[in-house]
1. Which of the residues belonging to segment 189-232 are of a type in the set (Ser, Thr, Tyr), part of a loop (DSSP other than H, G, I, E, B) and at pLDDT 95 or above?
2. When you check Gly189 against the structure, is it touching a Cys at 6+ places or on another chain (Cβ under 8 Å) and of a type outside the set (Phe, Trp, Tyr), yes or no?
3. If you scan segment 93-110, which residues turn out to be closer than 19 Å to Ala123 by Cα and more than 16 Å from the chain's Cα centre (by Cα)?
4. State all residues of segment 185-194 that are open to solvent by less than 10 Å² (accessible area, probe 1.4 Å) and farther than 15 Å from Lys118 by Cβ; if no residue qualifies, say none.
5. Within segment 142-180, which residues are within 12 Å of Pro66 (Cβ to Cβ) and either open to solvent by less than 10 Å² (accessible area, probe 1.4 Å) or in a strand (DSSP E or B) (or both)?
6. Mind listing whichever residues of segment 84-139 are polar (S, T, N, Q), in contact with a Gly (Cβ under 9 Å, 6 or more places away or on another chain) and either assigned to a strand (DSSP E or B) or open to solvent by less than 20 Å² (accessible area, probe 1.4 Å) (or both)?
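The values are calculated or read from the model by the stated rules, or taken from the named source; none is laboratory data. As the structure is a prediction and not an experimental result, all values here were calculated from the model. Neighbour counts are summed over all protein chains in view; Cβ atoms, including those assigned to glycine, are modelled from backbone coordinates with ideal geometry. The area values use the complete protein model at the heavy-atom level, side chains included, leaving out ligands, DNA and RNA. Shrake-Rupley method; radii C 1.70, N 1.55, O 1.52, S 1.80 Å.
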Amino acid sequence: MDGAPVGRRVFLGLLGAGAAGILWGSNAQRWLEQRVGPYLAKDGTGLSALLPIGRFRIYSVTGSMPHRGHGEYRLRVSGLVDRPLALSYPELRAMPPTGLTRDFQCVTGWRVFEVQWKGVRLADVLERAGVQESAKALRFRSFDGTYTESLTLKQARRDDVLVAYELEGEELSDAHGGPVRLYVAPMYGYKSIKWLDRIEVTDEVVPGYWEERGYDVDAWIGRSNNRDDNAP
């Protein structure tokens with residue numbers, strides 16, 4: 001079945017399969033990520049934001065699901081640093097790993113409980129680059145060519161902010177933002193930029209894609225848009 005297209009009737013059946021993926025197990029969920037995600041991106045049905053992949057809903061602001069293989073991937077760190085970086089996927093995996101189990105909260109209201117993440121602390125990547133004294137913030141760019149995000153330097157150095165390469169014990173799929181994404185545990189999901197391509201260290205906060213459209217720059221869970229029912 002490698003490379004076989006997914007027809008519309010099959011696709012409609014897979015919608016139900018996606019919702020029931022937990023009954024099939026992780027192998028079926030990975031198959032859905034590989035087959036249905038790219039189909040949605042090309043088909044233009046507009047349903048990609050509604051289809052659950054595993055326990056998540058998948059969103060893309062470009063209407064596409066980009067891909068970058070492990071061999072070609074580079075995480076570039078530039079701007080106000082002493083040592084600009086272009087870290088390969090193996091180099092990231094060779095750095096001291098950190099695991100976190102946290103809820104993932106979307107600003108629209110849905111929540112995924114106790115998600116297992118693994119990656120490198122963003123603080124460790126910044127230390128390797130050598131952040132200069134004039135630095136105040138970070139700007140992140142996605143290799144989808146459109147999405148951007150930001151954090152202050154203080155936020156970026158928290159222990160619960162990861163450059164993540166695993167989700168629930170598996171390498172990150174394209175659908176979940178692989179091969180490498182950001183995970184900002186204490187903030188809403190839109191801060192956890194997928195398909196992470198570049199980190200620019202700056203002297204001020206540059207609002208990201210959704211901040212330019214009215215979302216909070218400091219997106220602490222329980223604060224942004226007053227949509228978190230479990231907010232204190």
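1. The answer is Ser192, Tyr209.
2. Yes; evaluated as a whole, the condition is true for this residue.
3. Result: Arg93, Ala94, Met95, Pro96, Pro97, Thr98.
4. Met187, Tyr188, Lys191, Ile193 - these are the residues of segment 185-194 that are open to solvent by less than 10 Å² (accessible area, probe 1.4 Å) and farther than 15 Å from Lys118 by Cβ.
5. Within segment 142-180, Ser142, Ala175, Gly177, Gly178, Pro179 meet the criteria.
6. Hits for segment 84-139 are Ser88, Thr98, Gln105, Gln116.
Residue-wise test of (1) under 24 Å from Thr202 (Cβ atoms); (2) at pLDDT 95 or above.
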position	(1), (2)
Ile58	no, no
Arg76	yes, yes
Ala86	yes, yes
Tyr89	no, yes
Pro97	no, yes
Thr101	no, yes
Cys106	no, no
Val131	yes, yes
